[in-house]
Amino acid sequence: MTLLENRKKSSVSYVVNVLDILRSFTIDEPEKGVLEVSNSLGMPKSVVQRIMATLASEGFLEQNPSTRKYRLGFPFLSLSSIVMSNSEAHKEAFPLYKELADKLNETVRVCTLEGSRVTNVHFFECKFPHKAYTHIGKDTPIHCTSAGRVLLAFHQDEELIERVIDNGLKRYTSYTITDPDLFRAEISKVRSQGYSICEEEFGLGGISFAVPLKDSSRSVNFAIQVICSSKNFDRSKISYYIKEMQKTASNISTILEQWDFKRYW
């Protein structure tokens, strides 16, 4: 390998390390110390310390003077506003999402794939919301969530299913499907029926529904999802929920098509 190739490889590795460190901050863990990040990522402490100090000097991280821990800085707010400003089409559809939330009396989420996870890009609460832990940017696994299975079932890259299986179908509860053949059959079922239902596969006490949402390219790059308490949910309402969600998805797809809105991968 030439010196130039070595430098390129080193630069790519450095960028990946920076991104891994930034992604380690979450709503649950907004502040982290150098040692915490080093241990969680399996990255040398000296590398983490150098990167975090550099990010702090540019304002992308802030250090708490009392704990010496870091948190994300304000520049990310301006960057996130740029992303959100590019979703004017979704903003026009906001009343339809809100109408669905009020009709079902549930929080409605709009999800998309981000790497190997499902990311919440919008959410809409009903008039009298139940206690639901969610936020924009919250991510969940692909294989054991209704939104993840819908996005897998209708994704243009059919090999994505096999990559998800190869990465391991992690068991979160005793109900999580971890057998590759059963998982393939479930994805095929979702593709055939046009929606997904997951009950207590990612967490006990929850049941979720998801339907595909097509953008102007007629590709399914988004999913509409509703998560309920499995204990209190009336099973006789399932068909009604799915029907209303599909109706909303169809109407919103028309808006996205009018705006020529599509997600580029």
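The values are calculated or read from the model by the stated rules, or taken from the named source; none is laboratory data. All figures in this text were calculated on a predicted structure; none of them were measured in a lab. Please note: Cβ atoms are built from the backbone with ideal geometry, for glycine as well, and neighbour counts cover all protein chains shown.
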Residues of the stretch 18-47 being surrounded by 15 or more Cβ atoms within 10 Å (Cβ to Cβ), modelled with pLDDT of 90 or more and among the polar types (S, T, N, Q), in sequence order, are Ser38
Name, by its number, the condition in (1) at pLDDT 95 or above; (2) outside any loop (DSSP other than H, G, I, E, B); (3) not basic (Lys, Arg) that does not hold for Thr178. (2)
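Table: residues versus (1) buried (at least 19 other Cβ atoms within 10 Å of the Cβ); (2) of a type outside the set (Asp, Glu).
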{"residue": "Asn167", "(1), (2)": "no, yes"}
{"residue": "Tyr172", "(1), (2)": "no, yes"}
{"residue": "Asp179", "(1), (2)": "no, no"}
{"residue": "Ser188", "(1), (2)": "no, yes"}
{"residue": "Ile242", "(1), (2)": "yes, yes"}
{"residue": "Ala249", "(1), (2)": "yes, yes"}
Looking only at the stretch 203-221, how many residues end up being assigned to a loop (DSSP other than H, G, I, E, B) and either in contact with a Ser or Thr (Cβ under 8 Å, 6 or more places away or on another chain) or aliphatic (A, V, I, L, M) (or both)? 4
The stretch 180-207, residues that are within 10 Å of Arg149 (Cβ to Cβ), out of contact with any strand residue (DSSP E or B) (no Cβ under 7 Å at 6 or more places or on another chain) and of a type in the set (A, V, I, L, M, F, W, C): Phe183, Ile187
Any chance the stretch 195-217 includes a residue that's over 26 Å from Gln258 (Cβ atoms), buried (at least 23 other Cβ atoms within 10 Å of the Cβ), modelled with pLDDT of 95 or more and among the polar types (S, T, N, Q)? yes
Could you say whether any residue in the stretch 191-202 is of a type in the set (Lys, Arg) and in a helix (DSSP H, G or I)? yes
Could you go through the stretch 86-99 and let me know if any residue there is among the aromatic types (Phe, Trp, Tyr), modelled with pLDDT of 90 or more and either surrounded by 19 or more Cβ atoms within 10 Å (Cβ to Cβ) or not assigned by TED's automatic domain parsing to the domain that holds Phe25 (or both). yes
Here are the criteria: (1) within 30 Å of Glu257 (Cα to Cα); (2) among the charged types (D, E, K, R); (3) part of a helix (DSSP H, G or I). Tell me which single one Asp157 does not satisfy. (3)
